[in-house]
């Protein structure tokens, strides 16, 4: 490296939002990859760039208490400065859930997917899947029902379909940060993750999280980022509980970073059934992990269903969808030849689909360890069959 190029390098912390390095004129050496602080991009001047991190007063942590406005919703379900995720199959109601959250945040009260809104806060929805016509229809229905405060426009901020959803793009980052500062945004919804990455790889997700951190870096109050994502198709080896996090589409990086993960899923696939279940699969900063709330989707959002029987859902309440009255105990007796046969889970699903004429999701639910037929099943490793101790053969079969 030449002496001239060495002099061009400026000391200081790396800033992910700075302008791209430009080559020196007259054939000179290219300027090293150093960028001005974020404030200069926003038209402001600052004497020195912010450090990349600061040391905490560990003794002070002993007396640390939750500050007003730090937790936005529930038992640290949505918390300032943290990442959260809402995922589910397409058309399950995620967009309505977002609008419902924004409206209740504008009021500063109510329950979102069963979790209490703790304070009034401004939200920003960066969405790539909803056009003006659909958004207008949602807002009109909520406004007509009196679900929006008079000054809702000061608290609810929604983008048109962006030209780019590249969270690592410098213009996207700087523009988003300006809006966060000007509107005092405490919650940013990124809808959807798939639109913000090229491929669903560890590298893509790492760059996405790096961009979001860069946008929030140095703000007096860092916003909570709510990522909206899709669920992949269920597989026979999927398990209930925490194992269901593996149903999130993409690399495991996307499952590790969020402190909160909520799955939204339909109770059944029957036409006209708009009931959904919201399951808190991950709650790293709180104690409410595993909570489930059944909700009825209506034209203005959601209303919670009291005394809901979660055995109606796939996995006996771990999730939703897949319940099918076509599948009966008799089908399982026939499938496993009244306890004489054990099958691999995948093979059992395929045979049950043919036997009962049901869809794969319903068969998955019927063979789940916590489903409505769990009382008569025995699962060992990758094999499944009938629990013959509970269902002994008849006298003619003894």
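Read-outs throughout are calculated quantities, based only on the coordinates presented, and are distinct from any laboratory measurement. These figures come from a predicted structure and were not determined experimentally. Please note: Cβ atoms are built from the backbone with ideal geometry, for glycine as well, and neighbour counts cover all protein chains shown.
Can you put 79, 306, 116, 153 in order of Cβ neighbours within 10 angstrom, beginning with the fewest?
Going from least to most buried by this count: 306, 153, 116, 79.
Only Cα pairs under 8 Å and at least 6 apart count here; give the relative contact order of the range 329-393 as a rounded whole percent.
36 percent
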Using the Cα gyration tensor of the range 65-126, with a ≥ b ≥ c the square roots of its eigenvalues, what is the shape: rounded (a/c below 1.5), prolate (a/b larger than b/c) or oblate (neither)?
prolate
To make sure I understand, if each residue's beta carbon is the centre and we count other beta carbons within 10 Å, what order do 253, 260 fall in, fewest to most?
253, 260
Sorted by Cβ neighbour density within 10 Å, fewest at the top, the residues 298, 180, 158, 261
298, 158, 180, 261
Förster-model FRET efficiency, 35 Å R0, residue 252 and residue 288, C-beta, rounded to 0.05:
0.90
